[in-house]
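> Pasting in a structure now, in structure tokens, and then I'll have a few things to ask.
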Amino acid sequence: MSSSKSEAMLIDGKAIAQELTESLVHQVTQLKQKNITPGLAVVLVGEDPASQVYVRNKGKMAEKIGLHSVQFSLPAITSEADILKRIEALNEDPAIHGILVQLPLPDHIDSAKVLRLIRPEKDVDGFHPVNVGLLAAGLNGQALIPCTPAGCVILAKRHRGEDLSGLEAVIIGRSNIVGKPVAQLLLQENCTTTIVHSRTKNLAQHIGRADILVACLGRARFVKGDWIKPGATIIDVGINRIDAPEKGPGKTRLVGDVDFDNALSIAGAITPVPGGVGPMTIAMLMQNVVTAAQRFSKQ
Ligand code: NAP
């Protein structure tokens, strides 16, 4: 993490994720002493290249911290009934504490139906309605919390400290997987929380109030530097691929939802893309598998 007088502090998600995974290794060792090896099953349907990379990275990280990790790569033509059968088997498998179905699923499969079948206590993505409800009710200790939102809060605290009370938090985006749960978490941290979305009027005005800005709309460099409140904490969740002719013909690169170069001289702290929220998502997934196994060990 570095800071200077004129530039925002860079919140190094990669380094923070590394710290978290080191502490997870210790927790996994303790579970193994009780003869429990936390187990993660990842179900991938189809050949989407981005999904294949995500699943591979999750598998590698799981092995690195000593989890039992299994992957089911099913062809895109797999029927919904077969996927549901696979989930039922994993629900019953005592060696598996966490089940993750990589989204998006092919169009002929009802994703909501598949996600609802995962036992809430094995739902390490935190997308099951039971976990959504527990989070909304503030019963986080019984829930599994969605990984990217949980990571966003940890990153914001690296700049603001543990107490976020009274800060203005503005979240751009209201998806079920990022925007809404990150808003719930920041509300629980006693932030004054606003969600803005594609129908919001005077967007820049709302953004300009934010002490903590979470950009999760999926639009490349959408948030301009001069919209940002000086000193704000910027958590950039967006992952957008854009052309990068400077790297050569046909080349691309990843950018966030915030115009990073302009924001750097105005924000107090900012997460880079890549290397910010992304690595935290995987670390929080591993944390959820370990948490699920710890709860299982107490049953
Ligand atoms: P999503 O389901 O497409 O939701 C986008 C949200 O942004 C919607 O609520 C939409 O509003 C809002 N929005 C879109 N355009 C807007 C605009 N011009 N002004 C204001 N609001 C606007 O996306 P998502 O799944 O939440 O993902 C968001 C981004 O985060 C994507 O780039 C995704 O790749 C990235 N992501 C990263 C990670 C990670 O680990 N780093 C994890 C998950 C997602 P409406 O509801 O009104 O349409």
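> Going through segment 114-165 one residue at a time, which ones are assigned to a helix (DSSP H, G or I) and of a type in the set (S, T, N, Q)?
Matches in segment 114-165: ASN131, ASN140, GLN142, THR148.
> Scanning segment 257-275 for residues that are of a type in the set (Gly, Ala, Ser) and at negative phi, which turns out farthest from the ligand (Cβ to nearest atom)?
Among residues in segment 257-275 that are of a type in the set (Gly, Ala, Ser) and at negative phi, the one farthest from the ligand (Cβ to nearest atom) is SER265.
> Find all pairs meeting these conditions: Cβ atoms under 7 angstrom apart; at least six residues apart or on different chains; first residue within segment 276-299 and under 17 Å from GLU63 (Cα atoms) and near the ligand (Cβ under 10 Å from one of its atoms); second residue charged (D, E, K, R) and part of a helix (DSSP H, G or I).
PRO279/LYS14; ILE282/LYS58; LEU285/LYS58
> Would you confirm, using the coordinates I've provided, whether LEU100 is under 21 Å from ALA293 (Cβ atoms), aliphatic (A, V, I, L, M) and within 14 Å of the ligand (Cβ to nearest atom)?
Judged against the criteria, LEU100 is a match.
> So for segment 69-89 (the condition being modelled with pLDDT of 95 or more and closer than 17 Å to MET284 by Cβ), does at least one residue qualify?
Within segment 69-89 (the criterion being modelled with pLDDT of 95 or more and closer than 17 Å to MET284 by Cβ), the answer is yes, since at least one residue qualifies.
> Sticking with this structure for a sec: Check segment 100-110 and report whether any residue there is in a strand (DSSP E or B) and of a type outside the set (Lys, Arg).
Yes.
> Test GLN71 against the criterion of being of a type outside the set (A, V, I, L, M, F, W, C) and farther than 17 Å from VAL124 by Cβ, and give yes or no.
no
> State whether one or more residues within segment 227-241 are more than 16 Å from the ligand (Cβ to nearest atom) and either small (Gly, Ala, Ser) or more than 21 Å from GLY161 (Cα to Cα) (or both).
Yes, some residue in segment 227-241 is more than 16 Å from the ligand (Cβ to nearest atom) and either small (Gly, Ala, Ser) or more than 21 Å from GLY161 (Cα to Cα) (or both).
The values are calculated or read from the model by the stated rules, or taken from the named source; none is laboratory data. None of these values were measured; they are calculated from a predicted model. Cβ sites come from the backbone with ideal geometry, for glycine too, and all protein chains shown count toward neighbours.
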